[in-house]
Amino acid sequence: MKLDKLPEDLDAGFDGSGYRQLMRHQALGVSVVATGELGARVGLTATSVASLSDSPPKILVCVGRATQAHNVVAERGVFSVNFLASEHQELAARFAGQRGVDGEERFRGANWTTLVTGAPVLADALSSIDCRLLESHTFTTHSIFIGRVVGGTSRADGEPLIYFRNGYRALARS
């Protein structure tokens, strides 16, 4: 089906504020997307992350075009996705820009390493995925980056950090 207008131009009568309110009711895992070399690393907290394929392994992340990390991912062509554990709430807030620090300062106080691509990887994340950028698709405020998974690590213990109703949460124990 061919549209006469781009989807962004369609007037459905619903605004971004109402949409964000609806999306707050979706519980999402929290991750940090990171890239850059030691001394010039950048990253952001992301909940818009999804597995795209397992053969070959691919992942997609949505990154705001106004973030520091956006252009660095596009230029370097590598990034990591680090799925956070419940004890990483402060780290999530820092990478979300809630602590007033940017760039390399966001990485302080945590143990970061590298895998295949050289992108920063959080050593005690629930899991970390190391990626080479395959494609990017730019929309109004964000780009969808599709990465080919080239490495990863995980740990056997720990509970995920969840974002739900505008706040960080941990899974309830039954």
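The values are calculated or read from the model by the stated rules, or taken from the named source; none is laboratory data. Fair warning: this is a prediction, and the values are worked out from it, not measured in the lab. Cβ: placed from backbone, ideal geometry, glycine included. Neighbour counts: every protein chain shown.
Numerical summary
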quantity: Extreme residue, surrounded by the fewest Cβ atoms within 10 Å (Cβ to Cβ), among residues of segment 117-170 that are hydroxyl-bearing (Ser, Thr, Tyr) and more than 18 Å from Thr67 (Cα to Cα); calculated: Ser154
quantity: Residues located in segment 61-77, provided they are out of contact with any helix residue (DSSP H, G or I) (no Cβ under 8 Å at 6 or more places or on another chain), assigned to a strand (DSSP E or B) and surrounded by fewer than 20 Cβ atoms within 10 Å (Cβ to Cβ); calculated: Cys62
quantity: Total residues in segment 86-97, condition in contact (Cβ under 8 Å) with a residue 60 or more places away in the chain and surrounded by fewer than 21 Cβ atoms within 10 Å (Cβ to Cβ); calculated: 5
quantity: Which numbered condition Arg173 misses (of (1) without any contact (Cβ under 8 Å) to a residue 24 or more places away in the chain; (2) within 19 Å of Gln68 (Cβ to Cβ); (3) not β-branched (Val, Ile, Thr)); calculated: (2)
quantity: Condition met for His88 (farther than 20 Å from Phe139 by Cβ, part of a helix (DSSP H, G or I) and not charged (D, E, K, R)); calculated: yes
quantity: Residues located in segment 96-134, provided they are touching a helix residue (DSSP H, G or I) at 6+ places or on another chain (Cβ under 7 Å), of a type in the set (Lys, Arg) and in a loop (DSSP other than H, G, I, E, B); calculated: Arg99
quantity: Selection within segment 148-173 - at pLDDT 95 or above, out of contact with any Leu (no Cβ under 6 Å at 6 or more places or on another chain) and over 18 Å from Asp124 (Cβ atoms); calculated: Val149, Val150
quantity: Thr113 farther than 17 Å from Val30 by Cβ, in contact with a Lys or Arg (Cβ under 8 Å, 6 or more places away or on another chain) and among the β-branched types (Val, Ile, Thr); calculated: no
